Amino acid sequence: GNDGKYIDRSILNRYVMLKKIGWALLITLIAIQFIRPAKNQTTEPQPHAIQTKFEVPENVSSILKKACYDCHSNNSQYPWYSNIQPVYWWLNDHIEEGKGHLNFDEYTNKRLRYQYHKMEEVIEQVKEGEMPLNSYTWTHTDARLTSEEKAALTGWAQEVMDTLKANHPIDSLIRKKK
């Protein structure tokens, strides 16, 4: 008797609740499509870019463009799926974090010690395969560096360090060990 009606009503109530939740999620998903931070893109010249003070050979420039600049410059190239929220927020967070660690477009605007140390980090992270990030190379397969590209990039970073050492006192580049 009543047990059947109670079960049916319970199932109906769950269905109605799930339908309301589904609609709320759909409306939220649609609404967040209109909330976007500014894109990390510029056509302006970058007066503090690394190439304004250090030679960047063409082969290294092409490696930087395909494997580094999306997260480490002021000009990211966005994939088609960045037009979908919350994917854009996630990508934007990665870009902001990457630029916080190293921004090649602001490089010469930093202290000499910073510039020197960042090239040490480039060498270390590229050699250890920490950069570019796996999450980046999954979708940007051309950013997977060959051993020749790694050698070119780390060799160039060493040249930047050597140029800094040749032009500045060592104590302006590294902290003395205590």
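Among the helices (runs of 4 or more DSSP H) lying completely within the stretch 84-178, list those that include at least 1 residues that are out of contact with any Gly (no Cβ under 7 Å at 6 or more places or on another chain), open to solvent by 30 Å² or more (accessible area, probe 1.4 Å) and of a type in the set (Val, Ile, Thr).
87-101, 147-167
Of everything in the stretch 64-83, what is of a type in the set (S, T, N, Q), open to solvent by less than 30 Å² (accessible area, probe 1.4 Å) and touching a residue at least 12 places away in the same chain (Cβ under 8 Å)? Give them in sequence order.
SER73, ASN74, SER76
The values are calculated or read from the model by the stated rules, or taken from the named source; none is laboratory data. A quick note: this is a predicted structure, and the numbers were derived from the prediction, not measured. For neighbour counting, all protein chains shown are included, and Cβ atoms are generated from backbone atoms with ideal geometry for every residue, glycine included. For accessibility, only protein heavy atoms count, side chains too; no ligands or nucleic acids. Shrake-Rupley method; radii C 1.70, N 1.55, O 1.52, S 1.80 Å.
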